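The values are calculated or read from the model by the stated rules, or taken from the named source; none is laboratory data. Computed from a predicted model, the values in this text were never measured in an experiment. FYI the Cβ positions are ideal-geometry reconstructions off the backbone, even for glycines, and counts take in every protein chain you see.
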């Protein structure tokens, strides 16, 4: 009678639980990187947003508990102290959840929440009327008009404060012409957002109405407390690997990028753990859970660099456009060998490349002025 041979069964790998020290064949990896057994897992809770296990969770206004990483960038409602996943700004500088927002009105001029009736304290009815001919609603989306030669196109969204809304809006509109338009933005106390149509970098440097910024500054306008966002066309990238190299360049050089951008915003443009973790996923066309990241990957046709501080300074806007354009071109030719042995993802390597090109003078000057530059 032939001998029955059982199939070989590989041994179950044994792992030591980081919680109790017991060796076990079954563990769960938690948010903090610990591997714990089923008994120790009772000390953790599952995040209602990312499904990772964490030692502590916070309840949100969406009736779910989230870990600290998912809570990054959310605001606490000033009315009910609840962590809000979709808060709105009020004219007293606070944030309120959707439920508490029912106690407020929406300002007819800037759409910020207020308890003062039709207008917030910063907006006056006559200014709203004067500006209405020039400032479009926040959801205005005209067909894009491309300027210059692609495939790399840049789009600017510049938020500014204005002392005289109507006159500043008229001035900006006269200068912009077909280059762009003005929109409402509820995050601006009294002012507007300057939005451009897609422009190639060299076209923008040569044809953007830079004199508009000087004139607005002379009228008392400023970018204080606001943002400057630069959209980068997805079509400019050679593929997912190029996108991944580009994203990693920013996330690996957070300190220097923040210096160039002139702000660090944990509310509107954080370099969050979520953004870092999803870089490879985003490079393949995936989306993160929200757009409030240093680099917003939610848009269909563009990536949005949200990192820059608002400004009416010509040099600072040119440097922002240069960083967007230069980072794409630098990472286009970056090889695995450059990264592994030549410090290709390092700031010093990028700074040397920018200086050698000779077409990004404003960015090169700012990079050279950084304390860490060599």
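List the helices (runs of 4 or more DSSP H) inside the range 273-355, counting only whole elements, that have at least 3 residues being in the same structural domain as residue 227 (by TED's automatic domain parsing) and touching a strand residue (DSSP E or B) at 6+ places or on another chain (Cβ under 7 Å).
Per the criteria, 314-332.
Here is a check on your reading of the model: is residue 261 assigned by TED's automatic domain parsing to the domain that holds residue 243 and in contact with a helix residue (DSSP H, G or I) (Cβ under 7 Å, 6 or more places away or on another chain)?
no
Failed condition for residue 278, given (1) in contact (Cβ under 8 Å) with a residue 40 or more places away in the chain; (2) over 18 Å from residue 318 (Cα atoms), with all others met?
Result: residue 278 fails condition (1) only.
Using the structure shown, decide if residue 204 is touching a helix residue (DSSP H, G or I) at 6+ places or on another chain (Cβ under 7 Å), in contact (Cβ under 8 Å) with a residue 60 or more places away in the chain and either surrounded by 22 or more Cβ atoms within 10 Å (Cβ to Cβ) or under 20 Å from residue 321 (Cα atoms) (or both).
Taking the combined requirement at face value, the residue satisfies it.
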